[in-house]
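Here's the structure, in C-alpha cells; my notes come after.
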Amino acid sequence: MTQKNNPQIEEVLVSAQQAEQRLDRVLTESLDGLSRSRLKGLIEAGHVQRNTDICRQPSQKVAVGDALVVTIPIAIDPVPIGQAMDLTILHEDADLIVIDKPAGLVVHPAPGNPDHTLVNALIAHCGEDLTGIGGVRRPGIVHRLDKDTSGVMVAAKTSQAHAALVTQFSDRTVDRAYRAIVWGIPIPPADNIEGPIGRHPRNRKKMAVVSRGGKHALTRYRSLTSYCDGLATLIECKLETGRTHQIRVHLAHRKHPIVGDLTYSRAGSRRALPKSLEPAETTILTEFPRQALHAFRLGFLHPTTGQHVDFETGFPPDIKNLKTFLESL
C-alpha cells in the first residue's frame, strides 16, 4: 500500500480460473475491502487499466494473463464539515472507533439536522486517519441509533473495515443488546416479539407492525426488575434484525411502551400512577424527556484481527436517576 498522500495502486494478474469473467467480478474477488459497487465506479471513472488500455466497462470479459491495474485516488474532503465535539470514546484504533453516543445527538446529517451530528464530530476527531469510504474521507456508518437513544456505536475509519462490518451487520452476527424501562410488566417475562415493521398507515413519520408490506423483524426481551407493584419494568432486549425504531415499535405493540417515548405511547398502555405521588414526582415519570432506551452492549469480530470484541456502557445519568427514583417508590 502506498503512503497516505499518494494514490493506492493495486495489481491483479488474471488466472486461468478467472478467464472470461466480468472485470468487476474478478477485481472484487481479488481485492479485499473494495465493494463491487466501489470498483464499478472506479472502472467507469477510468481508474482501471487492462494491460495498457483504460477499461471503462465493468462487464468487459478478461483473459488469462491479463494484467489489471487499479488506481484508487486519494480520498477527497467530506461534504459534511468537521465540527469538534466532546465524545465518549470506548475504543479507537487504525480501523474503527467505538463511542458511547449521548441522547440528543443525530448520527448523520439530514434535512432538519444538517450539521452538529456524530458524522461531523467524527470527521473532526479522526481527521487524516479517515482513509476514505467510497472515495470520500468520511467515517463509515454501519448502524444507527435514534437521536434520543443513547449507547454504544461503532464507525469504520477505512474502506476495508467498513466492508467487513457491513457484512457482519447484514449477516446478523453482531451482538446488540439494549436496556429500557417500560410501562407495566411484560407477560411472559421473557419472550420473542416477531412482527413485520413498515410505515404507519396513517402517520408516515412513524413505524408500525403492519399486516402487509413490512420487513421481517424479531426482538428478544427479558424482564430484569419491576417497580412499584408493576408500574414499570427494567428489561433487556436483543435485536435479531435492525429495523427503524424496532424495539420501540415492538414494545408498544405489546402495550408496554418505553417510558418517555411519546411517539409510540398509546392510551391505556400506561398504568395509573400511585395517588401517593407528589406532583413533582409525577412529573418525573410523565415528562421524562426522551425514550428510556440505552444500547448498552455491542459485540463483533474486529475486521483486522478477527478477534471477538465486546463493548459495554452503563446507563447515562438521566436514565440512572429515573431507575433510582422508581426503586424508591
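Some observations on this one:
- Comparing Arg297, Arg212, Arg222 in a Gaussian network model of the chain, where Cα atoms under 10 Å apart are tied by springs, the biggest mean-square fluctuation is seen for Arg212.
- Restricting the calculation to Cα atoms, the chain yields a radius of gyration followed by a Dmax of 23.9, 84 Å.
- Rg in Å to one decimal, and Dmax rounded to a whole Å, for the range 245-329 via C-alpha atoms: 16.8, 57
- Alpha carbon centroid spacing (whole Å) that separates the range 247-310 from the range 25-81: 46 Å
- Over the C-alpha atoms of the range 35-105, the Rg to Rh ratio, Rh being the Kirkwood estimate, stands at 1.21.
- Distant-in-sequence amide H partners of His302 (H built 1.01 Å from N, under 5 Å): Gln307, His308, Val309
- Think of each Lys and Arg Cβ as +1 and each Asp and Glu Cβ as -1; about the Cα centre, that makes the dipole of the chain roughly 1640 debye.
- Highest-fluctuation residue, Asp100, Asp318, Asp261 considered, GNM on the chain with Cα pairs under 10 Å: Asp318
- Listed cross-link partners Lys147/Lys205; Lys205/Lys255; Lys101/Lys320; Lys206/Lys320; Lys40/Lys61; Lys238/Lys320 are compared with a 18 Å cut-off, the Cα-Cα value being larger for Lys205/Lys255; Lys206/Lys320; Lys238/Lys320.
- Unit charges on C-beta of K, R, D, E only; dipole of the range 130-231, Debye: 600 debye
- The HN-Hα couplings worked out from phi for the range 7-16 by the Karplus form 6.51 cos²θ - 1.76 cosθ + 1.60 (θ = phi - 60°) are x, 8, 10, 10, 10, 10, 9, 5, 8, 4 Hz, whole numbers, x standing for Gly and Pro.
- Dipole axis of the range 218-329 (+1 Lys, Arg; -1 Asp, Glu on Cβ), positive-most option in Gln246, Pro316, Leu262: Gln246
- Note: the range 192-315, Cα convex hull, 146 Å³ per residue.
- Rg/Rg_ref, the range 8-72, where Rg_ref = 2.2 N^0.38 Å and atoms are Cα: 0.94
- Most mobile listed residue (Pro257, Pro303, Pro189) in the chain, GNM with C-alpha springs under 10 Å: Pro189
- Calculated [θ] (222 nm, deg cm²/dmol) that DSSP helices of n ≥ 4 give over the chain, each run adding -39,500 (n - 2.57): -6000 deg cm²/dmol
- Rounded to 5, the percent of DSSP beta bridges in the chain classed as antiparallel: 95 percent
- Calculated from backbone phi, Karplus (6.51, -1.76, 1.60) coupling profile of the range 148-157 in Hz, x at Gly/Pro: 9, 9, 9, x, 6, 9, 10, 9, 8, 9
- Compactness index (Cα Rg / 2.2 N^0.38 Å), the range 75-171: 0.99
- A straight line joining the Cα centroids of the range 151-176 and the range 191-221 runs 24 Å.
- Cα gyration tensor category, rounded, prolate or oblate, for the range 1-120 with a/c compared to 1.5: prolate
None of the figures in this text is laboratory data; all of them are computed from the coordinates on show. In this text, all values refer to a predicted model and were calculated from it rather than measured experimentally. Counting neighbours? That spans all protein chains shown, and the Cβs are built from the backbone with ideal geometry, glycine included.
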